[in-house]
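Inspection log for the structure reproduced underneath, given as structure tokens.
The values are calculated or read from the model by the stated rules, or taken from the named source; none is laboratory data. All figures in this text were calculated on a predicted structure; none of them were measured in a lab. For neighbour counting, all protein chains shown are included, and Cβ atoms are generated from backbone atoms with ideal geometry for every residue, glycine included. The protein model used for the area step is the full one, side chains on, heavy atoms only, and it has no ligands, DNA or RNA in it. Shrake-Rupley method; radii C 1.70, N 1.55, O 1.52, S 1.80 Å.
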Amino acid sequence: MVKPIRQTDGPDHVAIIMDGNGRWATQRGRPRLFGHHAGAKRVREVVEACPDLGVKYLTIFAFSTENWKRTQVEVAGLMSLFRRYITKETRALKAENVRVRFIGDRPRLDAKLRKLMDDLEEHTCHCDGVNLTIALNYGGRDEVARATQRLARDVRDGKLDPESIDEETLPRYLDTCVLPDPDLVIRTSGEARISNFLLWQSAYAEYEFVETLWPDFGAEEMTRLVHAYGKRDRRFGAVAQ
Ligand code: IPE
Ligand code: IPE
Ligand code: MG
């Protein structure tokens, strides 16, 4: 697939690995969940910064398929935080014309949380402002595996010819099928890894790894990173002119 060289302006789609809540809390002598609550509070400011920055899609990593390995106390606390966050933020998100979607494997989440997620998606489905996608129980490899299952069923049922499968086919089966690929992926907390986030979709993303712990991240830093992106030269394998 040949893509044109794009001398970038702003990113349409920014994806964020919101990391560092635990360390932020530990630095303050508080339990990890205190950091998760502080982190959740930062989301609104970042969402609100998007329209002025021209960012149409914001995708945030809230809980990975690997995060179940944490203590039962932390996992239960996070699930309870997600339920509270959705309940509390629904009205504001709708008022700000934010369309919310979730990606990730839902069946493993409890029924009450799933219902809140479905309702939030439905309540905001007519909003045409920022597209906020929350990755919850999301893993890139898990997503590709689930997509492959669906694709294989279509082949079995005679709806898809195996010979026709190319790199445009699989994305139609991914959780992100209605979203463009991320242009810019930001990770907070100083770790320089992607931890199974948007593996397929980020093949040509620009990356920013910043030292800031997520509960200290805000509109100002987001603005700086979006502007820095604008100075980059995305070549997609071609030669700059
Ligand atoms: C990110 O913060 C939030 C989740 C993974 C749920 P962490 O909880 O990973 O914070 P650190 O990396 O331990 O500081
Ligand atoms: C990635 O952070 C997942 C989320 C931010 C939700 P982690 O803290 O789980 O990643 P690792 O364990 O450092 O790779
Ligand atoms: Mg972490």
Open item on the list: Every residue in region 58-116 that is open to solvent by less than 60 Å² (accessible area, probe 1.4 Å) and more than 20 Å from the chain's Cα centre (by Cα), please.
Closed with: 74, 76, 77
Open item on the list: Go through (1) more than 16 Å from ligand 3 (Cβ to nearest atom); (2) in contact with an Asp or Glu (Cβ under 8 Å, 6 or more places away or on another chain); (3) open to solvent by less than 20 Å² (accessible area, probe 1.4 Å) for residue 169 and report which single condition fails.
Closed with: (2)
Task: Number of the exception - residue 41 against (1) more than 13 Å from residue 184 (Cβ to Cβ); (2) away from ligand 2 (no atom under 14 Å from the Cβ); (3) buried (at least 17 other Cβ atoms within 10 Å of the Cβ) - done: (3)
Open item on the list: Quick check on my filter: what residues within region 122-150 are over 19 Å from residue 13 (Cα atoms) and open to solvent by 20 Å² or more (accessible area, probe 1.4 Å)?
Closed with: 122, 123, 126, 141, 142, 144, 145, 146, 148, 149, 150
TODO: Given the conditions (1) over 15 Å from the mean Cα position of the chain (by Cα); (2) at pLDDT 95 or above; (3) at negative phi, report the number of the one that residue 20 does not fulfil.
DONE: (3)
Open item on the list: Could you check region 158-211 and list, in sequence order, the residues that are over 17 Å from the mean Cα position of the chain (by Cα), away from ligand 2 (no atom under 15 Å from the Cβ) and in a loop (DSSP other than H, G, I, E, B)?
Closed with: 158, 159, 160, 161, 165, 166, 167, 168, 169
TODO: Check whether at least one residue in region 182-192 is closer than 29 Å to residue 36 by Cα, open to solvent by 50 Å² or more (accessible area, probe 1.4 Å) and out of contact with any Leu (no Cβ under 6 Å at 6 or more places or on another chain), and report yes or no.
DONE: yes
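Every residue, every condition in (1) out of contact with any Asp or Glu (no Cβ under 8 Å at 6 or more places or on another chain); (2) modelled with pLDDT of 95 or more; (3) within 16 Å of ligand 3 (Cβ to nearest atom), yes or no:
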| site | (1), (2), (3) |
| --- | --- |
| 175 | no, yes, no |
| 188 | no, yes, yes |
| 193 | yes, yes, yes |
| 206 | no, yes, no |
| 214 | no, yes, yes |
| 222 | yes, yes, no |
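Only one of 114, 146 is outside any loop (DSSP other than H, G, I, E, B) and free of Cβ contacts under 8 Å to residues at least 24 places away in the same chain; which?
Details: 146 fails: free of Cβ contacts under 8 Å to residues at least 24 places away in the same chain.
Just a single option satisfies the conditions, and that option is 114.
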Open item on the list: Quick check on region 57-72. Is at least one of its residues within 16 Å of ligand 2 (Cβ to nearest atom), assigned to a helix (DSSP H, G or I) and of a type in the set (Phe, Trp, Tyr)?
Closed with: yes
- [ ] Would you point out the residue of region 17-31, among those that are within 10 Å of ligand 2 (Cβ to nearest atom) and assigned to a loop (DSSP other than H, G, I, E, B), that is farthest from residue 202 (Cα to Cα)?
- [x] 20
Task: Counted residues, region 212-229 - those being out of contact with any Pro (no Cβ under 8 Å at 6 or more places or on another chain), outside any loop (DSSP other than H, G, I, E, B) and β-branched (Val, Ile, Thr) - done: 1
Open item on the list: Every residue in region 44-56 that is in contact (Cβ under 8 Å) with a residue 60 or more places away in the chain, over 15 Å from residue 188 (Cα atoms) and not in a loop (DSSP other than H, G, I, E, B), please.
Closed with: 45, 47, 48, 49, 50, 51, 53
